[in-house]
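Enquirer: What follows is a single structure, and I will ask about it in a moment.
The values are calculated or read from the model by the stated rules, or taken from the named source; none is laboratory data. Everything numeric in this text was worked out from a predicted model, so none of it was measured. Cβ placement follows ideal geometry from the backbone for every residue including glycine, while neighbour counts extend to all protein chains displayed. Accessible surface areas use protein heavy atoms only, side chains included; no ligands, DNA or RNA. Shrake-Rupley method; radii C 1.70, N 1.55, O 1.52, S 1.80 Å.
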Amino acid sequence: MGLTLSWLSVIILIPLAGLFLRSLELSPEQFWAILSSRRTLNALRVSFGLGFAAACVNLVMGSIIVWALVRYRFPGRRLFDAIVDVPFALPTAVAGVALTALFAEKGWLGAPLAALGIKVAFTPLGIFVAMIFIGIPFVVRTVQPVLQDLDPEIEEAAGSLGASRWQTVTRVILPSLAPALLTGLALAFARAVGEYGSVIFIAGNLPNVSEIAPLLIVIRLSEFRYADATAIAVIMLVVSFVIIFAVNRLQRWARSRIPKH
Amino acid sequence: MTIEVKNLVKKFGIFAALDGVDLKVDNGELVALLGPSGSGKTTLLRIIAGLDWPDSGEVSFNGEDALAQGARERHVGFVFQHYALFRHMTVFENVAFGLRVQPRAVRKDEAAIRARVKELLDLVQLDWLADRYPSQLSGGQRQRIALARALAIEPRILLLDEPFGALDAKVRKELRRWLRSLHHEINVTSIFVTHDQEEALEVANRVVVMDKGRIEQVGSPEDVYESPASAFVHGFIGESIELPVQVESGVIRLGDRPLALAADGLAPGASRLFVRRHDMLVGPSGSGAFEGAVRQVRNFGPVQRAEVALLGGETIEIDAPRDKELRAGDIVSLNPRRYRIFAG
């Protein structure tokens with residue numbers, strides 16, 4: 001107990017407290033000025049906006065992947081199952097370099113897309129792609145065990161009670177998976193917001209256009225504007241806390257709603 | 001609603017789950033499909049429900065082809081062994097589900113749905129649980145809710161797959177009686193699957209005994225118990241003594257000992273003789289078909305169970321009345337009051 005608390009304090013709480021104390025060196029006006037500057041707001045908008053959009057895409061695509069992995073038996077299923085973890089395991093810088101090479105104007109995917117007039121690398125679209133890449137395992141790994149637990153018999157029950165396939169999915173399957181889906185969404189979102197390594201390679205990092213908030217923090221630090229950096233960090237911290245809190249509530253709700261048999 | 005099944009075949013790989021099954025169920029009957037696991041009884045039930053499809057054969061309801069319809073159109077109530085309740089819905093919403101998913105044109109209004117659900121919960125005597133979630137109920141309660149849910153759509157047929165299989169012995173017995181009286185009340189044509197002979201004999205009007213994808217016998221509980229049609233049925237239903245015998249020129253032999261039993265009309269060759277335990281009458285040595293030495297006597301329940309080593313090599317267990325004096329070491333004769341011999 002004592003050990004747990006001390007360890008948690010040293011590893012997590014003290015650094016966070018330090019961050020807050022540092023930002024207290026700013027007057028509220030200064031703090032507000034930094035936050036409301038155009039570049040900060042744009043960076044936050046890029047991080048949170050694209051992060052949320054990527055999480056939503058991951059929610060949909062992740063659900064489809066989970067469905068295939070759990071409900072179908074096909075050759076190479078175990079291999080695909082393992083591949084899902086690649087974004088977890090890959091160093092993010094490696095992922096960034098790989099994605100950039102792939103989507104650059106001469107890359108395997110970049111070239112055909114460029115022919116269609118779509119530019120991915122060094123645009124916000126690139127950030128979006130990188131965020132999808134790193135977020136997908138969160139949705140898959142959160143929903144997978146819940147779907148495995150879901151008895152296929154409940155679909156048969158719904159069908160024999162007269163439900164159409166659509167009604168079965170919307171009224172029976174999705175509500176059963178909802179807590180897990182929401183948790184997966186929140187985790188993928190949190191990861192996308194905090195992602196740095198894989199994004200900065202492909203982003204192009206144009207201020208106000210494709211500059212993410214974590215990068216802006218690094219830039220401020222390299223300019224020795226520590227107060228600016230901590231102010232942005234504090235805001236990201238607060239938003240992340242809100243997300244973690246929401247995830248926690250969702251999990252509590254899920255457990256109370258659907259206790260294990 | 002009558003159900004007719006003709007020459008149904010269903011294979012899983014090389015395993016024939018159903019190997020040419022014919023069955024007719026009359027309107028209002030309560031039929032048990034009884035057999036060991038792997039006998040095809042659940043497969044037959046699922047095909048009737050539309051949850052599985054046969055490789056060949058026919059299924060018709062009241063003469064109309066049921067295989068042309070999916071599970072959704074068949075209007076069949078199905079109760080699963082593990083209940084398959086929707087765990088994110090309250091008991092009330094579970095029962096209401098079948099009413100809420102009806103096409104808009106025929107769907108009842110909210111008040112009518114509420115009234116119907118209330119009526120069904122009263123029927124299964126669980127109206128006080130309406131706001132609970134399935135995980136908060138006991139197994140017996142869940143199964144009754146599953147039944148209420150299946151009945152909500154006013155099914156033409158009610159199918160139950162091992163409905164009491166996951167429950168403990170005491171709850172099982174209660175629910176058996178309850179199911180029988182419920183069937184009496186609502187009188188919908190019903191088929192239930194079970195591997196428990198006592199359940200089948202106690203609940204059903206008619207019992208269908210299955211083995212290895214085939215129907216061995218169809219009859220009233222009395223029929224299948226008193227006059228089993230095959231060696232399998234005799235061995236499966238009720239406790240039986242089974243002895244390998246040899247039939248030759250009008251004589252039945254156990255080992256090399258001829259038995260003083262009539263062999264009229266029996267085909268020669270290796271056969272099996274079946275006797276119910278309580279049909280073996282114990283007499284003084286030299287007075288019956290079998291001779292043997294009592295090895296062990298155990299007294300419990302209404303009878304005493306004796307282990308007897310027969311001359312000819314087999315050891316059997318018989319049930320004798322409690323007032324019969326039997327001790328280990330006694331040499332006795334045994335005479336079957338009733339017996340059956342099946343070739344093979």
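Enquirer: Taking the Cα centre of the stretch B:286-334 as origin, sum charge times position over the Cβ atoms of Lys and Arg (+1) and Asp and Glu (-1), and report the length of that vector in debye to the nearest 20.
Expert: So the magnitude is around 160 debye.
Enquirer: Something else: According to a simple spin-label model (label point 7 Å from Cα along Cα-to-Cβ), what is the distance in nm between B:Asp131 and B:Val171?
Expert: Taking the simple label geometry, B:Val171 and B:Asp131 are separated by 2.4 nm.
Enquirer: Okay, moving on. With a 1.4 Å probe and all protein chains left in place, how much of the accessible area of the stretch B:208-344 comes from carbon and sulfur atoms, in whole percent?
Expert: For the stretch B:208-344, the apolar C and S fraction of the accessible surface comes to 48 percent.
Enquirer: Another question, if that's okay. Between the helical axis of A:174-194 and the dominant principal axis of chain A, each derived from Cα atoms, what acute angle in degrees is found, rounded to the nearest 10?
Expert: Once rounded, the angle reads 20 degrees.
Enquirer: OK, next. How big is the dipole moment of the protein assembly as shown about its Cα centre under a simple scheme where the beta carbon of each Lys and Arg is +1, that of each Asp and Glu is -1, and everything else is neutral? Debye, nearest 20, please.
Expert: About 2000 debye.
Enquirer: Roughly how many debye, to the nearest 20, is the charge dipole of the stretch B:34-155 about its Cα centre, given +1 on each Lys and Arg Cβ, -1 on each Asp and Glu Cβ, and no other charges?
Expert: Magnitude of the dipole: close to 440 debye.
Enquirer: With a cut-off of 8 Å between alpha carbons and a minimum separation of six or more residues, what is the relative contact order of chain A in percent?
Expert: Computed over chain A, the figure is 31 percent.
Enquirer: Per residue of the stretch A:64-75, what does 6.51 cos²θ - 1.76 cosθ + 1.60 with θ = phi - 60° give for ³J(HN,Hα)? Whole Hz please, x for Gly and Pro, Karplus curve as stated.
Expert: Each residue's phi maps through the Karplus curve to give 5, 4, 4, 4, 5, 5, 8, 9, 10, 10, 9, x Hz.
Enquirer: How big is the equivalent ellipsoid of the protein assembly as shown along its three axes, where each semi-axis is √(5λ) from the Cα gyration tensor, reported in whole Å from largest to smallest?
Expert: Working: eigenvalues 989, 154, 128 Å².
Listed largest to smallest, the semi-axes of the protein assembly as shown are 70, 28, 25 Å.
Enquirer: Provide the gained length on full extension for the span A:Leu90 to A:Leu8, in nm with one decimal, where the gain is 0.36 nm per separating residue minus the Cα-Cα distance.
Expert: Going from the current span to full extension adds 26.8 nm.
Enquirer: Let me ask something else about it. Between helix A:213-222 and chain A, what is the angle of the helix's C-alpha long axis to the longest principal axis, kept within 0 to 90° and rounded to the nearest 10?
Expert: With rounding to tens, the tilt is 30 degrees.
Enquirer: Next up: Could you name the aspartates and glutamates whose alpha carbon sits less than 13 Å from that of A:Lys119, not counting residues in the same chain fewer than 8 places away?
Expert: A:Glu105
Enquirer: In degrees from 0 to 90, rounded to the nearest 10, what is the angle of the helix A:14-24 Cα long axis to the longest principal axis of chain A?
Expert: 50 degrees
Enquirer: If you don't mind, there's one more thing I want to ask. Just to verify a number: FRET efficiency for A:Ala82 and A:Leu221, C-beta to C-beta distance, R0 = 35 Å, to 0.05?
Expert: E(calc), rounded to 0.05, equals 0.40.
Enquirer: Now a separate question. Using a probe radius of 1.4 Å on heavy atoms only, what accessible surface per residue do you get for chain B? Whole Å² is fine.
Expert: It amounts to 44 Å² per residue over chain B.
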